[in-house]
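Below is one structure, written out as structure tokens; the observations come after it.
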Amino acid sequence: MWPSKKEEEQSVILISDDEAEGMLGSPVMVVDPLENPVPKEEKSEEVVDEECDLVVTFCKKANVMPHARHDCTTHPFKRTECDTCSPLEKNADICDQCYCYVCDKLASECENWTIAALCHCNAHNKSKFWKDRRDCALAGILVTFNLQLTDIDADLRRGGDLLQKFIQELSVEYNKYLIGEEVLPAQHECFCLPKLPPGQCDICRSRSMEVVYKYSGVFTLVTRFLNQAEKENPKATAVMFLGAAKEIALHKDPVLNWQNFGHASSLKIAVPCLLQRITTQLQRMLVLCDFPKSLHEKFVNFFQSISLPCHCFGFSNSLNVMPWDHVLLTTVLKGQNVTGQRIMRGRKVSLWEWLSVIEARVERLVEKKNYKEVVRYLRAVKCNDIKGLRHLQDKIPFYLCKSGNFMDAAHSLLFAASSLTCCTACRLTALEYEVYLKMFRTGSVPDGNDIQNPGLWIAAGRPLKDGALIKQALKLLYNNMSLYRNPKCWSTLVMILGSSNFLEKSGRLRPIYLREPPLDFQKGVLAASCGLLEDLKAKLNVSLPPSIFTLDLHHEACLIIAVQAIQQMVFCDLPYLTSFLEIALAFGSNFWALRLLLDHLSYEEHILDGTVNLILNDLHCQKATMLKLWQNLGPVYVGEFLCLFLTCRHQKMQSIGLLGLNIITENLHMCPWAKRLCNFFHSAELRNLPLGPAAHHEVSKFISLFENQ
């Protein structure tokens, strides 16, 4: 499109002769018409520059772009280092596009352009004084963090804006606190020790009028601000928390005597409480948030510059958090330093950190699935909160399992992480005991990082051998009395030993059927297990005899050892047991092992009575549960289970089978498999066995219900 006549009058384009001959990509020189005016009578003609071999064909006046005042080409500018008294020469003159160097807005809108002692019209970029003024104006309160303009992004700026607004609100609330409240004697609350109801304390009643100072308004405002800060992005949160810490550290109690109004109303209690929240959150952020190294250091230096009052001295070094690349920390994580101690600059330095820092590091490492590093760190780090650190160290065995090191995990359960605590096994719950045995048995681990909520399971390594499994399982029981007396734990042990080493993703074990081994083998294992169990109780290192732990019968040997351990537990701690039925059910289809246990419990009358009473009580209380379980297990299992008790030589033990049979008879509508159970009794010729009068009568009665059908 060709230029209009008006545009032709205002513009000239210079093109060299060579370009006119067809050369592409050659430069075009734009000539300012003010500098190269074209006479009116020649404006339609070409202008030829003979020296440069250029032809002027088009020229357009340039647009003036926005610029700082000191860069203006229209008005001259006088530079000095820091003159703020009055405008220098013509520095106050501006064009339409002049901007204030300090305020970064149009000079015509600058309120301090010619104000004495400010004079922004004299500002320029060659002066350190004016650069500092500009940084302060643009960074706002962030300048107190020693941040450069290049450091400040949108998150930091938002944090600074919110902090500035908060400081103004806080100033108003703090002034109200300093004024205090006048309290009439009748309304006066007793502040003496011991504290009396209002009006009953002679000392307080003797005061005609007193001013009290309650910090609760300030505390509420700061708490609301911190709640808001936690919803912001990390950089903004850090700025807001640090700024709040600096402000409340400056607050002073206007009275000298102690006035205890509670944690929110007493300044000397409220300020440390707020600082505890602030420093704990900042410690976590310094570990979890990937702040640039320079920003990390500036945050720490800012906090260290805060002048803390005497009641807050304990927070002085709370943000001295080791960066991830610290030499001591990195050597511990890599396994090059197992003690957490190092000689640095001639003195011994230990890996000591605040509990919140330790929790954050563990959280970060676990999130990245660096389980080996977590274990090394927790074994080496020290902390003043022994109980909190012990809670974290109790998960060391779990992290070892997650890394596939099941044998080390089994041993670490029985050893204390430090000399100040007992072993992890002492604090295991029944659920944790079951999860650990599942992991040891199958070599699988929960997919998540919460042992209390395993969820799905995945393979992680080679499981423990049966000999190591039974030893470690019994050691855990012997080291924790609450587990030892918990029937759930013994049923877990029996269930694990009677299952295969394959675990479904849902965490369900597959039970296995073990044939009854020869009687000589059973007697040999029972004889050897007595001394073995005593040594395990005494926390001695033991080895299972090779003669009883053959490759063909190792599953059966473990189950027999468990039977012997249960028998000893019942003989010693029967009064503490609350249930026994779940132990019996845990044997599954391995009825020979359950019969072996019941025979051993029948040696003493009071043990037999106590065991039978526990099972009968369980059956009475859990009828619906048993019917549902039997529905799932089928009539063959129910028949085997009932026959086991009905054929016992002790009538008291037979009463268990009779009660089970009565439960089925009374709930035939819930037992569609009862007919097949009757057929099982026929096949087993149960009616022809010497069961005793009561048992024979009930069995015959049950069978007769289906004979005519």
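The values are calculated or read from the model by the stated rules, or taken from the named source; none is laboratory data. Note that the structure is predicted; figures quoted are calculated from it, not measured. Neighbour counts are summed over all protein chains in view; Cβ atoms, including those assigned to glycine, are modelled from backbone coordinates with ideal geometry.
Side notes on the structure shown:
- Filter pass, Gly467 being assigned by TED's automatic domain parsing to the domain that holds Ala565, within 21 Å of the chain's Cα centre (by Cα) and either closer than 24 Å to Ser543 by Cα or in a loop (DSSP other than H, G, I, E, B) (or both): no
- Residue selected from the stretch 71-105 under the condition surrounded by fewer than 12 Cβ atoms within 10 Å (Cβ to Cβ) and either polar (S, T, N, Q) or in contact (Cβ under 8 Å) with a residue 40 or more places away in the chain (or both), by the criterion nearest to Phe129 (Cα to Cα): Glu81
- Residues that are of a type in the set (S, T, N, Q), under 27 Å from Arg515 (Cβ atoms) and part of a helix (DSSP H, G or I), drawn from the stretch 470-499: Gln472, Ser491, Thr492
- Among the residues examined, Lys471 does not qualify as at pLDDT below 95, surrounded by fewer than 18 Cβ atoms within 10 Å (Cβ to Cβ) and either of a type in the set (Ser, Thr, Tyr) or within 12 Å of Cys558 (Cβ to Cβ) (or both).
- With respect to the conditions (1) touching a residue at least 40 places away in the same chain (Cβ under 8 Å); (2) farther than 17 Å from Gly443 by Cβ, Leu464 falls short on a single one, namely (2).
- Residue among Val366, Val374, Val362 that is touching a residue at least 60 places away in the same chain (Cβ under 8 Å), within 24 Å of Gln452 (Cβ to Cβ) and not acidic (Asp, Glu): Val366
- Residue in the stretch 342-356 that is of a type in the set (S, T, N, Q), touching a Lys or Arg at 6+ places or on another chain (Cβ under 9 Å) and more than 30 Å from Asp450 (Cβ to Cβ) present: yes
- Qualifying residue in the stretch 494-502 (condition: among the hydroxyl-bearing types (Ser, Thr, Tyr) and under 39 Å from the mean Cα position of the chain (by Cα)): yes
Here's the yes/no breakdown for (1) touching a Gly at 6+ places or on another chain (Cβ under 8 Å); (2) under 15 Å from Gly461 (Cβ atoms); (3) in the same structural domain as Leu469 (by TED's automatic domain parsing):
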site	(1), (2), (3)
Asn370	no, no, no
Arg376	yes, no, no
Lys382	yes, no, no
Lys387	no, no, no
Asp394	no, no, no
Pro397	no, yes, no
Phe406	yes, yes, no
Ala409	no, yes, no
Thr421	no, no, no
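- Within the stretch 445-464, the set of residues being out of contact with any Lys or Arg (no Cβ under 7 Å at 6 or more places or on another chain) and either outside any loop (DSSP other than H, G, I, E, B) or closer than 23 Å to Ser579 by Cα (or both) comprises Pro446, Ile458, Ala459.
- Within the stretch 517-569, the set of residues being within 22 Å of Asn486 (Cα to Cα), among the small types (Gly, Ala, Ser) and surrounded by 16 or more Cβ atoms within 10 Å (Cβ to Cβ) comprises Ser529, Ala562, Ala565.
- Residues within the stretch 305-351 that are assigned to a loop (DSSP other than H, G, I, E, B) and not small (Gly, Ala, Ser), tallied: 19
- Candidate set: the stretch 502-516, residues that are touching a residue at least 60 places away in the same chain (Cβ under 8 Å) and assigned to a strand (DSSP E or B); chosen: the one surrounded by the most Cβ atoms within 10 Å (Cβ to Cβ): Leu503
- Of the residues screened, Ile152 is not one that is under 30 Å from Ser216 (Cα atoms), of a type in the set (Val, Ile, Thr) and either crowded, with 16+ Cβ neighbours inside 10 Å or at pLDDT below 90 (or both).
- Residue within the stretch 659-677 that is in contact with a Gly (Cβ under 6 Å, 6 or more places away or on another chain), surrounded by 18 or more Cβ atoms within 10 Å (Cβ to Cβ) and either part of a helix (DSSP H, G or I) or not acidic (Asp, Glu) (or both) present: yes
- Of residues in the stretch 482-493 being among the hydroxyl-bearing types (Ser, Thr, Tyr) and buried (at least 20 other Cβ atoms within 10 Å of the Cβ), the one farthest from the chain's Cα centre (by Cα): Ser491
- The listed residue being touching a Gly at 6+ places or on another chain (Cβ under 6 Å) and either surrounded by 20 or more Cβ atoms within 10 Å (Cβ to Cβ) or within 24 Å of Ile94 (Cβ to Cβ) (or both), out of Leu163, Leu118: Leu163
- Among helices (runs of 4 or more DSSP H) entirely within the stretch 525-610, having at least 1 residues that are in contact (Cβ under 8 Å) with a residue 24 or more places away in the chain and of a type in the set (Lys, Arg) singles out 591-601.
- In the stretch 646-658, of all residues being touching a Leu at 6+ places or on another chain (Cβ under 8 Å) and assigned to a helix (DSSP H, G or I), the one that is surrounded by the fewest Cβ atoms within 10 Å (Cβ to Cβ) corresponds to Lys652.
- Of the listed requirements (1) over 58 Å from the mean Cα position of the chain (by Cα); (2) under 21 Å from Leu585 (Cβ atoms), Trp673 misses just one: (1).
- Only listed residue being surrounded by 18 or more Cβ atoms within 10 Å (Cβ to Cβ), farther than 17 Å from Ala380 by Cβ and of a type outside the set (Phe, Trp, Tyr), chosen from Leu288, Leu319, Leu333, Leu351: Leu319
- Set side by side, the residues Asp599, Asp573, Asp609 differ, and just one is in the same structural domain as Leu526 (by TED's automatic domain parsing) and not basic (Lys, Arg), which is Asp573.
- Within the stretch 209-235, the residues that satisfy the criterion of being in contact with a Gly (Cβ under 7 Å, 6 or more places away or on another chain), more than 15 Å from Gln283 (Cα to Cα) and either of a type in the set (Ser, Thr, Tyr) or not in a strand (DSSP E or B) (or both) are Tyr213, Glu232.
- Just one of (1) modelled with pLDDT of 70 or more; (2) basic (Lys, Arg); (3) over 30 Å from Glu232 (Cβ atoms) fails for Arg205. It is (1).
- Among residues of the stretch 56-114 being in a strand (DSSP E or B) and either at pLDDT below 90 or aromatic (Phe, Trp, Tyr) (or both), the one that is nearest to Cys136 (Cα to Cα) is Tyr99.
- Test: residue in the stretch 618-630 that is modelled with pLDDT under 95, within 18 Å of Glu582 (Cα to Cα) and basic (Lys, Arg): yes
- Number of residues in the stretch 106-115 that are out of contact with any strand residue (DSSP E or B) (no Cβ under 8 Å at 6 or more places or on another chain), farther than 16 Å from Arg79 by Cα and buried (at least 16 other Cβ atoms within 10 Å of the Cβ) equals 2.
- Residue within the stretch 344-354 that is of a type in the set (A, V, I, L, M), within 19 Å of the chain's Cα centre (by Cα) and within 19 Å of Leu389 (Cβ to Cβ) present: no
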